[in-house]
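To keep things clear, I will list the structure first and then write my remarks on it.
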Amino acid sequence: MKKYSPHTPARRGMSGINYRGLLTISEPHKKLTSGRKRAVGRNNAGRITVRHKGSGHKRLWREIDFKYDKIDIPAKVETIEYDPNRSGHIALVCYSDGERRYVLLPQSLKVGDKFSTSAKADIKVGNRLPLAKIPTGTFIFNIETKPLSGARLCRSAGNYAEVLGTDSGQTLLKLPSGEIRKINAKCWASIGAVSNEEWKLINWGKAGRSRWRGIRPTVRGSAMNPVDHPHGGGEGRQGIGLRRGPKTRQGKQAYGVKTRRKNKYSDKFIESRRKTKR
């Protein structure tokens with residue numbers, strides 16, 4: 001982690017990641033980049049559907065390979081790069097047939113290291129195998145939820161899931177949330193954990209850094225007028241009144257209310273729910 005001298009009140013306590021010691025190149029591979037319009041919380045009519053999003057620095061999109069469809073073709077890491085669209089680092093890899101792709105970088109993988117996507121691959125960091133071939137207790141990331149559909153789970157910085165066992169064509173995984181879930185053993189996953197595990201330790205220090213990231217301010221409901229929020233109004237600081245609990249801006253119950261719909265198709269795959277705060 002990189003600490004800053006407190007030249008200003010905003011700098012005091014601010015911290016960041018020392019990218020200079022981690023990344024090997026500053027410019028991305030041009031053939032694997034493109035422009036992309038960001039939704040910034042608006043729908044197709046331009047109306048705000050997700051609050052607290054907007055503005056932020058312009059980003060160049062990197063085409064990340066989550067399919068890993070080059071089976072039994074070894075790849076070599078050429079560069080380690082920063083991606084503004086995700087918290088983990090990415091790596092430019094060159095396959096033995098000459099094709100280059102961006103992949104999500106696992107921890108401890110360095111420039112010059114090799115990995116492969118194969119059902120016969122060794123159990124080592126970076127290699128990608130079907131869940132049926134991965135032994136119990138192994139940490140994995142970039143996990144598919146349906147065979148050959150592409151990685152969906154455990155893609156954020158420092159994240160990984162633990163293999164608890166395989167039986168009757170289903171693999172039990174313990175996800176970062178604590179949920180224990182069954183996934184088809186034919187799905188593929190990568191060995192290791194996502195890089196840049198220090199991401200969660202960043203102290204952003206000032207509101208401006210959040211604005212650069214596209215995060216707009218959040219105003220307390222109690223600071224609004226009654227027309228704008230159920231908690232608004234009153235002289236001075238007021239509570240929420242005789243309501244049975246805190247409400248959202250739309251008047252619905254908030255905090256501790258279950259939002260998952262009943263009889264969802266994936267309920268049968270969940271062995272143990274994640275632990276939630278009361």
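The values are calculated or read from the model by the stated rules, or taken from the named source; none is laboratory data. This one's a predicted model, so the numbers in the text were calculated from it and none came from an experiment. Quick reminder, even Gly has a Cβ in these numbers, built from the backbone with ideal geometry, and neighbours come from all protein chains shown.
At a glance:
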read-out: Selected residue (criterion: nearest to residue 63 (Cα to Cα)) from residues of region 27-50 that are of a type in the set (D, E, K, R) and either outside any helix (DSSP H, G or I) or touching a strand residue (DSSP E or B) at 6+ places or on another chain (Cβ under 6 Å) (or both); value: 36
read-out: Which listed residue, of 108, 87, 55, is touching a residue at least 40 places away in the same chain (Cβ under 8 Å), among the polar types (S, T, N, Q), exposed (fewer than 13 other Cβ atoms within 10 Å of the Cβ) and within 27 Å of residue 21 (Cβ to Cβ); value: 108
read-out: Hey, residue 7 part of a loop (DSSP other than H, G, I, E, B), in contact with a helix residue (DSSP H, G or I) (Cβ under 6 Å, 6 or more places away or on another chain) and surrounded by fewer than 13 Cβ atoms within 10 Å (Cβ to Cβ) or not; value: no
read-out: Complete set of residues in region 37-56 that are of a type outside the set (Val, Ile, Thr), within 19 Å of the chain's Cα centre (by Cα) and on the phi < 0 side of the Ramachandran plot; value: 38, 39, 53
read-out: Checking residue 156 against (1) free of Cβ contacts under 8 Å to residues at least 40 places away in the same chain; (2) of a type in the set (S, T, N, Q); (3) within 20 Å of residue 199 (Cα to Cα), the condition it does not meet; value: (1)
read-out: Selection within region 59-109 - outside any strand (DSSP E or B), over 21 Å from the mean Cα position of the chain (by Cα), acidic (Asp, Glu) and on the phi < 0 side of the Ramachandran plot; value: 69, 97, 99
read-out: Exclusive hit being in contact (Cβ under 8 Å) with a residue 24 or more places away in the chain and not basic (Lys, Arg), set 196, 263, 225; value: 196
read-out: Those residues of region 219-278 which are farther than 22 Å from residue 52 by Cβ, within 31 Å of the chain's Cα centre (by Cα) and among the charged types (D, E, K, R), in sequence order; value: 258, 260, 261, 262, 264, 267, 268, 271, 273, 274, 275, 278
read-out: Given (1) touching a residue at least 24 places away in the same chain (Cβ under 8 Å); (2) in a loop (DSSP other than H, G, I, E, B), number of the condition residue 242 does not satisfy; value: (1)
read-out: Selected residue (criterion: farthest from residue 175 (Cα to Cα)) from residues of region 228-263 that are basic (Lys, Arg) and surrounded by 10 or more Cβ atoms within 10 Å (Cβ to Cβ); value: 243
read-out: Residue that is nearest to residue 203 (Cα to Cα), among those in region 10-26 that are of a type in the set (D, E, K, R) and either outside any loop (DSSP other than H, G, I, E, B) or touching a Ser or Thr at 6+ places or on another chain (Cβ under 8 Å) (or both); value: 11
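One line per residue, one yes/no per condition, for (1) buried (at least 17 other Cβ atoms within 10 Å of the Cβ); (2) farther than 23 Å from residue 195 by Cα; (3) polar (S, T, N, Q); (4) in contact with a Cys (Cβ under 6 Å, 6 or more places away or on another chain):
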| residue | (1), (2), (3), (4) |
| --- | --- |
| 2 | no, no, no, no |
| 12 | no, yes, no, no |
| 26 | no, no, yes, no |
| 36 | no, yes, no, no |
| 40 | no, yes, no, no |
| 46 | no, yes, no, no |
| 78 | no, no, no, yes |
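Yes or no, residue by residue, for (1) acidic (Asp, Glu); (2) within 15 Å of the chain's Cα centre (by Cα); (3) at pLDDT 95 or above:
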position: 111; (1), (2), (3): no, no, yes
position: 120; (1), (2), (3): no, no, no
position: 151; (1), (2), (3): no, yes, yes
position: 168; (1), (2), (3): no, no, no
position: 187; (1), (2), (3): no, no, yes
